[in-house]
Amino acid sequence: MRANWVLTVLILVGLVAGVVVGHLLHDPAFDLSMGDESHAHATTVVLLAFLGNTVFLGLLKMLIIPLITTSVIVGVTSVGDFRRLGKIGVATLVYYVATMLIATVIGLVLVTQIRPGDKITGEQRNQAQQTFDTSEWIQESVQQGPKGLLGGVQHIVDQIIPDNIVGAAAEGKALPVIFFSILFGIVLTTIGEPGRRIAELVEGVFAAIMTLVHGIIWLTPVGVFGLMAWTVARIGLGVFADAIGTYMVTVLAGLAIHGMIVLPLICWLFARCNPFRYLHQLRQVMMTALGTDSSSATLPVTMECVTEIAGVSKRSAGFVLPLGATINMDGTALYEAVAVVFFAQAYGIELTLATLALVAITATFAAIGAAGIPSAGLVTMVIVVEAVNGTLAALPGSPAIPMAAIGLIVGVDRLLDMFRTVVNVWGDAVGAKLIDRIDG
Ligand code: ASP
């Protein structure tokens, strides 16, 4: 217990020190987020990135695929029979989709009331166009990424069934690995003694991976320090000041409502658990999510704290958390919905109630399709913009949202990503508690 507290305090110190050091290193004359690394601070920033990205995130990522494989198999084999597995599966999916839809509605209410996009100036629109034209990866995701509602659904299905499971695992793709592990786990429960032996072996591997997590977790303070300082050094804290600032505040307010009111209520009413105590037990998880911007990289820590500290069964956690880290993203869904309406406002386009409903649905699909890695939500944003443009095209004389609008928010995305990742992970944890209760 004492070690736990020491670690919590160290992580908190790492986060705060990261913000301070990052702020001191930030020089607005140089836009490091655009790859301009020619100035004097660049070496320090590169060093911070090495510490945070290469060492800390690298070690966490190293564990993700074996952790997902073993935890899902352990989860499925310990549930045992099909009917129970089906009940848990359906309840989990209903929870994921329902909470994501609630999150998008919160975002839509806020963004249509606050209207941050109205304050965007012509100059900012030109700048957005420039960012868009010069950013290779945005261009690539617009050209090659999935488009519209149908594209969003297809994108998800494409990701689930792999051509080659070893290849998918080697590329670190979580969804196909989860899909395969669920099928593999089910089959193990049907083949008698040989299946039991393999299940035992997998349980042993799972225990060993979790022991590695115990050790790596102690690098979290240094890791989040590096990541936080690197992020703030590139972006600065001044971004909160203008219309983009109002957009950020809108997203953050929505995340706060969802994370501090909606999810705790679900936790309290349906999972019969004190949400504040639970959140307190998961404090290291939240700080890791904040520092890493990645639900998947946080997964080892989530698994550890949810099962070891908060006492959720390995069965429920093994089922809900790996799946949740890749598909349950309340924060991302909310952010996608707010961003697209913000774009429409910035370009003087009014959206009807029916289009807003479409935004809620496509934002949910876009969030499901986003991987649990930094800025994944920004890439799947194209799905929502295209879907909205599809409905706008049907209205005579209505202009489309230019894809270049994404350029408006690229610079501040990383900062928002931290907070939406926290809400994503918190949503997964509440889901694990809920399923634990439903499963008895
Ligand atoms: N970084 C988020 C996560 O890992 C995904 C996103 O919204 O970009 O949960």
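The values are calculated or read from the model by the stated rules, or taken from the named source; none is laboratory data. Values in this document were obtained by computation on a predicted structure and should not be read as measured data. Glycine gets a Cβ as well: all are built from the backbone with ideal geometry, and neighbour counts include every protein chain shown. Areas reflect the complete protein model, heavy atoms only, side chains present, ligands, DNA and RNA absent. Shrake-Rupley method; radii C 1.70, N 1.55, O 1.52, S 1.80 Å.
Computed quantities for the displayed model
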| read-out | value |
| --- | --- |
| Segments 276-282, 194-200, 179-185 sorted - mean Cβ within 10 Å per residue, highest first | 179-185, 276-282, 194-200 |
| Relative contact order (%) - segment 302-390, alpha-carbon pairs under 8 angstrom, separation at least six | 30 |
| Highest average packing first - 402-410, 66-74, Cβ atoms within 10 Å | 66-74, 402-410 |
| Charge sum, other residues only, whose C-beta stays under 15 Å from Ile435's C-beta, Lys/Arg counted +1 and Asp/Glu -1 | +4 |
| Helix 283-292 vs. the chain, principal-axis angle (Cα, 0 to 90°, nearest 10) | 50 |
| Rounded to 10°, Cα long-axis angle of helix 148-160 versus longest principal axis of the chain | 30 |
| The chain, relative contact order [Cα under 8 Å, separation at least 6], % | 32 |
| Helix 314-327 axis, angle to the chain major axis (alpha carbon atoms, nearest 10°) | 20 |
| Ala354/Ala98 FRET efficiency (R0 22 Å; Cβ-Cβ; nearest 0.05) | 0.55 |
| Protein accessible area in the chain, 1.4 Å probe - carbon and sulfur % | 67 |
| Sequence ranges 356-363, 204-211, ranked by mean other-Cβ count within 10 angstrom, highest first | 356-363, 204-211 |
| Convex hull projection area averaged over all views, segment 66-201, Cα basis, nm² | 12.0 |
| Alpha-carbon spread of the chain, three principal axes, descending order, Å | 69, 52, 42 |
| Sites Asp81 and Ile261, calculated FRET efficiency, Cβ-Cβ separation with R0 30 Å, nearest 0.05 | 0.20 |
